[in-house]
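Q: Take this structure, written in structure tokens, and hold onto it; I'll ask about it next.
The values are calculated or read from the model by the stated rules, or taken from the named source; none is laboratory data. Every value quoted in this text rests on a predicted model; they were computed, and no experiment measured them. Note that we place each Cβ from the backbone using ideal geometry, even for glycine, and neighbour counts take in every protein chain shown.
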Amino acid sequence: MSNAAQHVAIIMDGNGRWAQQRGRPRLVGHHAGAKRIREIVEACPAVGVKYLTIFAFSTENWKRTQSEVSGLMRLFKRYIRRESQALIDDGVRVRFIGDRMNLDDQLVSIMDELELVTSHNKKVNLTIALNYGGRDEVTRAVKRLAREIEQGKLAAKQVNAKVLAGFLDTHFLPDPDLVIRTSGEARISNFLLWQSAYAEYEFIDTLWPDFKADEFSQLVSKFGSRERRYGAVS
């Protein structure tokens, strides 16, 4: 049974190790990793991927050194400004998921602007998870749902999985078909916990700055030969 991976999610891991292997600061690896994103986005249409979601910064990443966190925030601003026109020209619609409350106002403003100027694009849907954590997302969703019940807009008996999913950051996305994690780590690190219930996973050794379009295409092609039964039998 052949399947197409319409939605691919990627945990972009290994930037720091890539830099350390070369005797460079970790931020050099993050800059190299940011450059890799465009190649993967541009590869999506040829392999039938309509939705690409990338894990840029987690709710746990604030525990890193202040210098690395500050450097990453500067990198996000620079990346968005530098890539905006190319994303517009390539027909990429960009949206962000995660909690924006802890991000600085300038970064949030830049994110809002990119979402707005790409809102009519339809070729590829790029979702960037920034200050995102799966448990945090579900907690925030449940709080919003609880407020609806408190205000009498929703009855508790109406709540089901579909209703709850409508309160998640990803309410505008289909669930991911394939989740890829680079750098050899075999864990999901709090990424799309609800949405990935039936996703296929690929844990690969390649460090993110070395992850090229041909390897991405091979993984998507490999996914197409898998049989997805969703708990049923063939």
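Q: Here is a check on your reading of the model: is Asn3 surrounded by 13 or more Cβ atoms within 10 Å (Cβ to Cβ) and assigned to a loop (DSSP other than H, G, I, E, B)?
A: Working: surrounded by 13 or more Cβ atoms within 10 Å (Cβ to Cβ): yes; assigned to a loop (DSSP other than H, G, I, E, B): yes.
Answer is yes for this residue.
Q: Among what's in the stretch 161-181 and is assigned to a strand (DSSP E or B) and in contact with a helix residue (DSSP H, G or I) (Cβ under 9 Å, 6 or more places away or on another chain), pick the residue that is farthest from Phe216 (Cα to Cα). Explain how you work it out, then say what you get.
A: Kept after step one, since they are assigned to a strand (DSSP E or B), are these residues of the stretch 161-181: 178-181.
Now narrow it down to the ones that are in contact with a helix residue (DSSP H, G or I) (Cβ under 9 Å, 6 or more places away or on another chain): 178, 180.
Details: Leu178: 11, Ile180: 9 Å.
So the residue we want is Leu178.
Q: Pull up the stretch 38-72, narrow it to residues that are closer than 23 Å to Arg82 by Cβ and touching an Asp or Glu at 6+ places or on another chain (Cβ under 8 Å), then point me to the one that is surrounded by the most Cβ atoms within 10 Å (Cβ to Cβ).
A: Val41
Q: Does the stretch 111-136 hold any residues that are under 29 Å from Pro45 (Cα atoms) and part of a helix (DSSP H, G or I), and which are they?
A: Passing the criteria: Met111, Asp112, Glu113, Leu114, Glu115, Leu116, Val117, Gly134.
Q: Looking at Asp169, Asp105, can you tell me which residue is surrounded by 17 or more Cβ atoms within 10 Å (Cβ to Cβ), modelled with pLDDT of 95 or more and not small (Gly, Ala, Ser)?
A: The conditions single out Asp169.
Listed here are the residues, each with its yes/no results for (1) under 16 Å from Val8 (Cα atoms); (2) in contact with a Pro (Cβ under 8 Å, 6 or more places away or on another chain).
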{"site": "Ala146", "(1), (2)": "no, no"}
{"site": "Ala156", "(1), (2)": "no, no"}
{"site": "Val163", "(1), (2)": "no, no"}
{"site": "Ser183", "(1), (2)": "no, no"}
{"site": "Ser196", "(1), (2)": "yes, yes"}
{"site": "Tyr201", "(1), (2)": "yes, no"}
{"site": "Asp205", "(1), (2)": "no, no"}
{"site": "Ala213", "(1), (2)": "yes, no"}
{"site": "Phe216", "(1), (2)": "yes, no"}
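Q: May I ask you to list pairs of residues, at least six apart or on different chains, whose Cβ atoms are under 7 Å apart, with the first in the stretch 107-120 being under 15 Å from Arg93 (Cα atoms) and the second being in a helix (DSSP H, G or I) and of a type in the set (D, E, K, R)?
A: Ile110/Lys77; Ile110/Arg81
Q: Also, I was wondering about something else. So Gly184 passes all but one of these: (1) surrounded by 14 or more Cβ atoms within 10 Å (Cβ to Cβ); (2) not in a helix (DSSP H, G or I). Which condition number does it fail?
A: (1)
Q: In this structure, is Glu215 in a helix (DSSP H, G or I), surrounded by fewer than 18 Cβ atoms within 10 Å (Cβ to Cβ) and of a type in the set (Asp, Glu)? If you could, list the steps in order and put the result at the bottom.
A: Numbers: in a helix (DSSP H, G or I): yes; surrounded by fewer than 18 Cβ atoms within 10 Å (Cβ to Cβ): yes; of a type in the set (Asp, Glu): yes.
For Glu215, the condition - in a helix (DSSP H, G or I), surrounded by fewer than 18 Cβ atoms within 10 Å (Cβ to Cβ) and of a type in the set (Asp, Glu) - is met.
Q: A follow-up question, please. Looking at the stretch 195-212, which of its residues are in contact with a Ser or Thr (Cβ under 8 Å, 6 or more places away or on another chain) and either more than 23 Å from Val28 (Cα to Cα) or part of a loop (DSSP other than H, G, I, E, B) (or both)?
A: Of everything in the stretch 195-212, those that are in contact with a Ser or Thr (Cβ under 8 Å, 6 or more places away or on another chain) and either more than 23 Å from Val28 (Cα to Cα) or part of a loop (DSSP other than H, G, I, E, B) (or both) turn out to be Gln195, Ile204, Asp205, Thr206, Leu207, Phe211.
Q: From the residues in the stretch 73-100 that are part of a helix (DSSP H, G or I) and of a type in the set (Val, Ile, Thr), which one is surrounded by the most Cβ atoms within 10 Å (Cβ to Cβ)?
A: Ile80
Q: Now for a separate question. May I ask you to list pairs of residues, at least six apart or on different chains, whose Cβ atoms are under 7 Å apart, with the first in the stretch 8-22 being free of Cβ contacts under 8 Å to residues at least 40 places away in the same chain and the second being part of a loop (DSSP other than H, G, I, E, B)?
A: If the second residue must be part of a loop (DSSP other than H, G, I, E, B), the pairs left are Ala19/Pro25.
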